[in-house]
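J.: I'd like to ask you about the structure that follows.
The values are calculated or read from the model by the stated rules, or taken from the named source; none is laboratory data. Fair warning: this is a prediction, and the values are worked out from it, not measured in the lab. Cβ sites come from the backbone with ideal geometry, for glycine too, and all protein chains shown count toward neighbours.
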Amino acid sequence: MSADNHEARPPKRSRTEDTPRQSSAATPLDLDNFQCHEEFWFDDGSIVLIAQQKTGFRVYRALLTAQSTIFADMFTSSSPSAEEMIEGCPVVHLSDTPEDIAHLLRVLLPKSQRLLYSRKSILSFHQLSAIIRLSHKYHVQDVLDQAVEYLQTHFTSTFDAWTSNTALRVPLFSARHAIGVVNLARLIDRPALLPIAFYRCAQLGGDVVSGYRREDKTVEYLRRRDLRRCIDGRNELAEQAASVLAEVFGNAYPCDACVRRERCAIALLNLSARMVADEFVSEVDVLTSWAGRIEEWAEDLDLCEPCRRAVITQDRRARRQVWDDLPTIFGLTVEGWAASEDEDETTDPDTP
Ligand SMILES: [Zn+2]
């Protein structure tokens, strides 16, 4: 805030380039490096938010006040007479990055993509991460809830969702974003997001220590104790992989409903041999189903239909066991994990 009450008079600004501002007023702002945000500088805006001393957002005070009690408190706690002013607007300094603030403002003050309802929104991880962190920080609860719900569709806490295609596809997320998801879950205290976030981190191998690069080029890492959880969990998954494979492929006996036992006994042995020779056999991605390969091999090897189904059921059951153990594998406590949906055990996997 300025000691005097002179208004910083900004130079003409351009909408297409970021123009440094000049001013003779003594303010803590480094006006040589100050930029108006291209997207959020409204001529009739009533407050200027300044991100990290460098980027200004001229927006509408009353609209932000109505949506965030934290913004409301910040705006009222500073007396206008004591404030530095830009183009007649009081100034509020924020420690957040300009990228993060822009993501939040696109939700709070949308200029496009006004949605009445959509089930098919596709968000980048940067968007989602910024919206979760800032809506948490500024107490915009309904936005936070929606963002977390979106994240949960990809970092699910239910085995059924995991085994459906939607859980496996993570649009616009990269593998390393799982690191960010662990940190988000810690920040907002949503432990149900953690098992799959850690599971995905564990798949990164050594890359997990390199963190992931945020939009502002800073790098976000797992906290030390979470990194340890990840590494220990990866070792545990590798150990469990062998027993999962043994459970899925180790049964050399045709099922009770088998329609041609001799042929199926040979086919099951060959199925097991194919698994051993498979290039993915040593991976720690034990929650990924073998069902696709089983279907393919069963057809090649002429396994009967009931035996094929029995192997698919074993695959699901073995992975379900790992799923139930995930919190333990990563040293987590997640209330209610694996408490439901046990009808899977009795449901024929072929039943839609
Ligand atoms: Zn059979």
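J.: Which one is farthest from Asp145 (Cα to Cα) among residues in segment 201-233 that are of a type in the set (Lys, Arg) and modelled with pLDDT of 95 or more?
T.: Initial filter on segment 201-233 (of a type in the set (Lys, Arg)): 213-214, 217, 223-225, 228-229.
When the remaining residues are screened for being modelled with pLDDT of 95 or more, the result is 223-225, 228-229.
Values: Arg223: 25, Arg224: 28, Arg225: 27, Arg228: 29, Arg229: 27 Å.
It comes out as Arg228.
J.: Can you tell which of Ile312, Ile294 is over 22 Å from Thr158 (Cβ atoms) and outside any loop (DSSP other than H, G, I, E, B)? Walk me through how you get there before you give the answer.
T.: On the way: Ile312 fails: over 22 Å from Thr158 (Cβ atoms).
From the options Ile312, Ile294, the qualifying one is Ile294.
J.: Can you list residue pairs whose Cβ atoms sit under 8 Å apart, with the first residue in segment 243-262 being of a type in the set (Ser, Thr, Tyr) and the second being within 15 Å of the ligand (Cβ to nearest atom)? Count only pairs 6 or more apart in sequence or on different chains.
T.: What qualifies is Tyr253/Ala265; Tyr253/Leu268.
J.: In the list Tyr221, Tyr212, which residue meets the criterion of being in contact with an Asp or Glu (Cβ under 7 Å, 6 or more places away or on another chain), under 30 Å from Phe125 (Cα atoms) and more than 11 Å from the ligand (Cβ to nearest atom)?
T.: Details: Tyr221 fails: in contact with an Asp or Glu (Cβ under 7 Å, 6 or more places away or on another chain).
That would be Tyr212, the only listed residue that is in contact with an Asp or Glu (Cβ under 7 Å, 6 or more places away or on another chain), under 30 Å from Phe125 (Cα atoms) and more than 11 Å from the ligand (Cβ to nearest atom).
J.: Right, next: Going by the conditions given, is Leu287 away from the ligand (no atom under 16 Å from the Cβ), modelled with pLDDT under 95 and assigned to a loop (DSSP other than H, G, I, E, B)? Walk me through it before giving the result.
T.: Details: away from the ligand (no atom under 16 Å from the Cβ): yes; modelled with pLDDT under 95: yes; assigned to a loop (DSSP other than H, G, I, E, B): yes.
Spelling it out, Leu287 is indeed away from the ligand (no atom under 16 Å from the Cβ), modelled with pLDDT under 95 and assigned to a loop (DSSP other than H, G, I, E, B).
J.: Of the residues in segment 186-197, how many are in contact with a helix residue (DSSP H, G or I) (Cβ under 9 Å, 6 or more places away or on another chain) and farther than 13 Å from His154 by Cα? Write out each step before concluding.
T.: Start the filter on segment 186-197 by keeping residues that are in contact with a helix residue (DSSP H, G or I) (Cβ under 9 Å, 6 or more places away or on another chain), which leaves 186-188, 190-197.
Okay, now just the ones that are also farther than 13 Å from His154 by Cα, so 186-188, 190-191.
Final tally of qualifying residues: 5.
J.: If we only count helices (runs of 4 or more DSSP H) wholly inside segment 142-225, which ones have 3 or more residues that are crowded, with 16+ Cβ neighbours inside 10 Å and under 12 Å from the mean Cα position of the chain (by Cα)?
T.: Details: elements: 159-163, 165-168, 177-188, 194-203.
Because the criterion is at least 3 residues that are crowded, with 16+ Cβ neighbours inside 10 Å and under 12 Å from the mean Cα position of the chain (by Cα), the helices (runs of 4 or more DSSP H) in segment 142-225 that meet it are 177-188, 194-203.
J.: Which ranges mark the helices (runs of 4 or more DSSP H) fully within segment 1-114 that have 2 or more residues being modelled with pLDDT of 85 or more and more than 21 Å from Ile132 (Cα to Cα)? Break it down into steps so the answer makes sense when it comes.
T.: Details: elements: 61-67, 69-77, 98-108.
Where helices (runs of 4 or more DSSP H) fall fully within segment 1-114 and carry at least 2 residues being modelled with pLDDT of 85 or more and more than 21 Å from Ile132 (Cα to Cα), they are 61-67, 69-77.
J.: Can I ask one more? From Leu204, Leu194, Leu227, Leu222, which residue is without any contact (Cβ under 8 Å) to a residue 24 or more places away in the chain and within 24 Å of Val286 (Cβ to Cβ)? Before you say what the answer is, go through the steps one by one.
T.: Details: Leu204 fails: without any contact (Cβ under 8 Å) to a residue 24 or more places away in the chain; Leu194 fails: without any contact (Cβ under 8 Å) to a residue 24 or more places away in the chain; Leu222 fails: without any contact (Cβ under 8 Å) to a residue 24 or more places away in the chain.
Every option except Leu227 fails the conditions.
J.: Moving on. Of everything in segment 245-269 that's within 13 Å of the ligand (Cβ to nearest atom) and not hydrophobic (A, V, I, L, M, F, W, C), which residue is farthest from Cys304 (Cα to Cα)? Please lay out each step first, then the result.
T.: Keep residues of segment 245-269 that are within 13 Å of the ligand (Cβ to nearest atom), which gives 251-269.
Then keep just the ones that are not hydrophobic (A, V, I, L, M, F, W, C); that gives 251, 253-254, 256, 260-263.
Numbers: Asn251: 15, Tyr253: 12, Pro254: 9, Asp256: 12, Arg260: 7, Arg261: 9, Glu262: 11, Arg263: 9 Å.
Step by step, filter segment 245-269, then rank; the result is Asn251.
J.: Residue check, Arg308 against (1) within 10 Å of the ligand (Cβ to nearest atom); (2) touching a residue at least 24 places away in the same chain (Cβ under 8 Å); (3) buried (at least 17 other Cβ atoms within 10 Å of the Cβ), all met but one. Which one?
T.: Failed condition: (2).
J.: Please go through segment 246-271 and give me each residue that is surrounded by 19 or more Cβ atoms within 10 Å (Cβ to Cβ) and in a helix (DSSP H, G or I), ordered by number. Lay out the reasoning, then the answer.
T.: Within segment 246-271, the first condition is being surrounded by 19 or more Cβ atoms within 10 Å (Cβ to Cβ), and the residues that meet it are 248-249, 254-255, 258, 264, 267-268, 271.
Within segment 246-271, Val248, Phe249, Cys264, Ala267, Leu268, Leu271 qualify.
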